[in-house]
Amino acid sequence: MNGTPLPRIGIWVRESALYRSIVRHGAADTNRNRSLVIFENLFLHMHPVKVREKTLKFTHTYWLGAITISALVVLIATGILLMFYYHPSVPQAYRDMKELKFVVDNGVFYRNLHRWAAHLMVLGALLHMVRVFYHRAYRPPRQFNWVIGVVLLLVTLLLSYTGYLLPWDQLAFWGVSVGTNMAKEAPILGPPIRFLLLGGNIVSENALLRFYVLHCVLLPVALLGFLGVHIWRVRKDGGVQGPPGPASDDEVEP
Amino acid sequence: MNGTPLPRIGIWVRESALYRSIVRHGAADTNRNRSLVIFENLFLHMHPVKVREKTLKFTHTYWLGAITISALVVLIATGILLMFYYHPSVPQAYRDMKELKFVVDNGVFYRNLHRWAAHLMVLGALLHMVRVFYHRAYRPPRQFNWVIGVVLLLVTLLLSYTGYLLPWDQLAFWGVSVGTNMAKEAPILGPPIRFLLLGGNIVSENALLRFYVLHCVLLPVALLGFLGVHIWRVRKDGGVQGPPGPASDDEVEP
Amino acid sequence: MSSPMPPLDLIESNDPVAMPKRVALVRPDARATLRRVEERWVMTFPNLILREVIVFQIVVIALSLAALLFNAPLEGIANPLETPNPSKAPWYFLGLQELLHYFPPVVAGVVFPGLVVVALVVIPFAKINLSARPLWSGDKKQTRLWGGGAIVVLAVFFAAFNCWPIVIPTLLVGGAMFSIGGGGQGGRLRQFLVRVTMPEWIMTWFILVATILTLIGTFFRGPGWSLVWPWNMYPPA
Amino acid sequence: MSSPMPPLDLIESNDPVAMPKRVALVRPDARATLRRVEERWVMTFPNLILREVIVFQIVVIALSLAALLFNAPLEGIANPLETPNPSKAPWYFLGLQELLHYFPPVVAGVVFPGLVVVALVVIPFAKINLSARPLWSGDKKQTRLWGGGAIVVLAVFFAAFNCWPIVIPTLLVGGAMFSIGGGGQGGRLRQFLVRVTMPEWIMTWFILVATILTLIGTFFRGPGWSLVWPWNMYPPA
């Protein structure tokens, strides 16, 4: 392991026609190539090629958006894994929980990870919102991105709430019953929305299937769609907005 | 209905602060605003602001990619709808099919739509590939996009195949049995892959759940990810590539 | 290529085509000031991406540790016939559930959350948020009148429903608001408070109320939604 | 602003800063030709987007009509104990299933599909695809030797396994290929065939074989994988 062959293989791979057809620029050792890393990649081009140095400071954003998205990535990964061991039927759902605990390798670990990541995501989104408010980062041209943020918060809460029912234990059943009973109180729209959500008048097997599909497909798709627009607008508006400058300087006094 | 109030409302909406914060440009009546429609929209900016006129001709692409993506959109919409009436358990899955037929409003229509759209998507992808081959649109710098296209074809086939099992009727069961028995024949990797896919040694309830999760979440996510890169690269490489010019002109003879 | 290259010092000239300049129009009723904005830009690729990867790694490690140490709760199978006491919603709804204790369901479950969502959406479109003037920068008498009035009305309203977990933070925030009503002199805290805008006072009050309600609902409510100490609660939330 | 604006005809000058020009280096062993590429560009927004929307609408309408007219098949509940005869895979795998009739499973199920995928992936990296020379543009004797050899080998190989649905298209494509081996004079079809490259011959052969196998597997295979007419098949595929 004297380190010589590995770099040579690296260079050989980098210069092959196949690699060049996938990653078209060379090693990221010049600023031009570092730009191309961002510019030529579908997933990284949500970033601009250059960012203001001050936006990298911890107190500029407290990285709260990044933390929330990290929790989301963990949730998607563990969520897909958990889906492979879960039937949205009664009483199979609860039995699957027990099986996850006693039969599946690391089942408990993945379930815990999913649960705590969900809490972190809700908390991260709330704190991110508070941060943006006190930094006044909702000001034009970012007004509508704040509204998208509110929508994202609501979708996140709905995701967490629909996921809460899936274990089909007493905690889940009564937690969701309490919540949907509140929805019933809304005038005119309340009862039909509740009926649509539960597929009936009580929390039953139909509700489990609906919450499952909402939790696993519909709401994640909505979340990712809005999140895309959210990040897209941050980039279009010149990157993250940190704390405002000294307040009195912002305006030209007569 | 003399048409006067409606345009006035349109103008009033267009000039409101809220609308302006959402859609920042005015009506698409100038080329500048028509550029901004594409440029300022997350979902439309997969297109460049301007395209070559000749690429709009029918024989340039036969719109095969657009047809395939249209089928995909139909599949996603009807697929999410169908999920709300489907349990991936035995024998509940088959009973859900009967319920779709006899109980759910328009259930048969949505199921038919999903089925025929799936056939169209496979066929569209195959024809798109043939078109690209004969137009030699795989040539540099598009080599790797052709490879992504091959991956997309395989994912599409897998999606169609995993969906085939879900009705849990004789056709599904034996169709999938025939296919997975073929996979068994592969040396070394065949049997373990088959075991992983089926969650056992025969097509059983475990296989149904795995195929369900693959079909509803994992493969669609993979498909959309690769599709994003596919379209992104088409745009980066200057739009769709139609039939090649006269062959002998392409090279400088000595 | 017949003419020679122009001299390179062309770009040092006053020629506006070669070297554009910015012009600012200063109206006679405004004061012209020059703020030097010296912003340094760095490449995204190593600088930002690396930090994002590090944040992601920290999150994954922290969550993994939490997942190893604490188990997600799992009780008996759902039984519609046997209601646990208390039956609680997820923690982020416990503030609302606590409100249910004081208000009729239609108010606690529909009016209040509806108002909160509307208030959040409206924030960036309200002019008062955009001007961002400190609360005490305008007419002090007016501010005292309206601010004091709002606090009294809120406190009386919530007190009428016996909702002390809201009354007390309302009075606290009101007290802090008026403590600097006199002027801007004083210690650091005072200087900080003087610059707080009205929307910030409101948001701070809201966050305080929401946190207190959620904490009470989570840790201090036992059977029959009675007040208990966290260590006496059954089942643990 | 002290110096006057430069005259506007500056950009008509030979000044390379004001008006850059393109230079091409032509090596002595190459011939310089100028091809005038006059490409017209149009705005994406109404032109392309509208057409995409129309394509989408046509697809939705066509699929809706199909969904109203034809029902997706649904048979009895899955029963592992009762094997239908024939039991068929989905249509896009019926070509492979048809191959199973002639070849051992490891060849039909693994080797052939594996080779197809590898061949597809390799296409854009093969030099012969990039140069795109017509098959008969090089040394005619060599082409005749290797092309004829390949066709004979393929035909003999598949004939050895009695796989006539592949042998026949192989001979057909081979016949078409050699029919223009002599030269480029002749009718329109002949002129068209002369320009076909080797990869295009191979791809055409592959598509023909795959289509024929899929059609046979779908419509002409009944119980015990015996040849039947489509109208005699039970159950209908």
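The values are calculated or read from the model by the stated rules, or taken from the named source; none is laboratory data. All values reported here derive from a predicted model rather than from experimental measurement. Glycine also receives a Cβ, built like all others from the backbone with ideal geometry; neighbour counts cover every protein chain displayed.
Among the residues of region A:161-173, those that are in a helix (DSSP H, G or I) and among the hydrophobic types (A, V, I, L, M, F, W, C) comprise A:Leu165, A:Leu171, A:Ala172, A:Phe173. Is at least one residue of region A:186-197 facing chain C (nearest Cβ under 7 Å) and in contact with a strand residue (DSSP E or B) (Cβ under 7 Å, 6 or more places away or on another chain)? The answer is no; no qualifying residue exists.
Taking region A:61-116 as the range and being over 14 Å from C:Ala62 (Cα atoms), polar (S, T, N, Q) and without any contact (Cβ under 8 Å) to a residue 60 or more places away in the chain as the test, the residues that pass are A:Thr78, A:Gln92, A:Asn106. Within region C:138-150, the presence of a residue that is under 30 Å from A:Ser177 (Cβ atoms) and either modelled with pLDDT of 90 or more or basic (Lys, Arg) (or both) is excluded. Note on region B:33-65: among residues that are under 18 Å from D:Glu39 (Cβ atoms) and not in a helix (DSSP H, G or I), the one that is farthest from the other protein chains (Cβ to nearest Cβ) is B:Lys57. The single condition among (1) closer than 24 Å to B:His47 by Cα; (2) at pLDDT below 85; (3) touching a helix residue (DSSP H, G or I) at 6+ places or on another chain (Cβ under 7 Å) that A:Phe43 does not meet is (3).
Out of A:Val176, A:Val240, which single residue is in a loop (DSSP other than H, G, I, E, B) and either aromatic (Phe, Trp, Tyr) or within 11 Å of chain C (Cβ to nearest Cβ) (or both)? Of the residues listed, the single one that is in a loop (DSSP other than H, G, I, E, B) and either aromatic (Phe, Trp, Tyr) or within 11 Å of chain C (Cβ to nearest Cβ) (or both) is A:Val240. When the residues of region B:220-234 are filtered to those that are of a type in the set (Val, Ile, Thr) and at the interface with chain A (Cβ under 10 Å from one of its Cβ atoms), which remaining residue is nearest to B:Leu75 (Cα to Cα)? Looking at residues that are of a type in the set (Val, Ile, Thr) and at the interface with chain A (Cβ under 10 Å from one of its Cβ atoms), I get B:Val221. Residues in region C:73-91 include none that are within 9 Å of chain A (Cβ to nearest Cβ), surrounded by fewer than 17 Cβ atoms within 10 Å (Cβ to Cβ) and over 30 Å from C:Val228 (Cβ atoms).
So is B:Gly10 crowded, with 18+ Cβ neighbours inside 10 Å, more than 10 Å from chain D (Cβ to nearest Cβ) and not charged (D, E, K, R) or not?
Considered against the rule, which asks whether it is crowded, with 18+ Cβ neighbours inside 10 Å, more than 10 Å from chain D (Cβ to nearest Cβ) and not charged (D, E, K, R), B:Gly10 comes out as no.
Considering region A:100-135, the residues that are assigned to a loop (DSSP other than H, G, I, E, B) and at negative phi include one that is surrounded by the fewest Cβ atoms within 10 Å (Cβ to Cβ), namely A:Asp105.
Looking at C:Leu68, C:Leu74, which is the one that is at pLDDT 95 or above and over 30 Å from the mean Cα position of the chain (by Cα)?
Values: C:Leu74 fails: at pLDDT 95 or above.
The conditions single out C:Leu68.
Tell me which residues, restricted to region C:116-146, are within 10 Å of chain A (Cβ to nearest Cβ), within 17 Å of C:Ser179 (Cα to Cα) and not in a helix (DSSP H, G or I). Hit for region C:116-146 is C:Pro134, nothing else.
Being among the hydroxyl-bearing types (Ser, Thr, Tyr), in a loop (DSSP other than H, G, I, E, B), in contact (Cβ under 8 Å) with a residue 24 or more places away in the chain and surrounded by 16 or more Cβ atoms within 10 Å (Cβ to Cβ), is that true of even one residue in region C:169-180? If you could, list the steps in order and put the result at the bottom.
Pass one, region C:169-180, residues among the hydroxyl-bearing types (Ser, Thr, Tyr): C:170, C:179.
Those still in the list that are in a loop (DSSP other than H, G, I, E, B) too: none.
Looking for residues that are among the hydroxyl-bearing types (Ser, Thr, Tyr), in a loop (DSSP other than H, G, I, E, B), in contact (Cβ under 8 Å) with a residue 24 or more places away in the chain and surrounded by 16 or more Cβ atoms within 10 Å (Cβ to Cβ), one finds none in region C:169-180, hence no.
For region D:68-87, give me the residue count where each residue is free of Cβ contacts under 8 Å to residues at least 24 places away in the same chain and in contact with a Lys or Arg (Cβ under 8 Å, 6 or more places away or on another chain). Qualifying residue count for the region: 2. Number of residues in region A:180-212 that are out of contact with any Leu (no Cβ under 9 Å at 6 or more places or on another chain) and assigned to a helix (DSSP H, G or I): the value is 12. Of all residues in region B:144-191, those that are touching a residue at least 40 places away in the same chain (Cβ under 8 Å) and over 21 Å from D:Leu120 (Cα atoms) total 7. Scanning region B:99-131 for residues that are at pLDDT below 95 and either out of contact with any helix residue (DSSP H, G or I) (no Cβ under 6 Å at 6 or more places or on another chain) or under 19 Å from B:Leu223 (Cα atoms) (or both) yields a total of 6.
Only one entry of A:Arg111, A:Arg115, A:Arg136, A:Arg131 meets the criterion of being facing another protein chain (nearest Cβ under 8 Å), under 26 Å from C:Leu208 (Cβ atoms) and charged (D, E, K, R), and that entry is A:Arg136.
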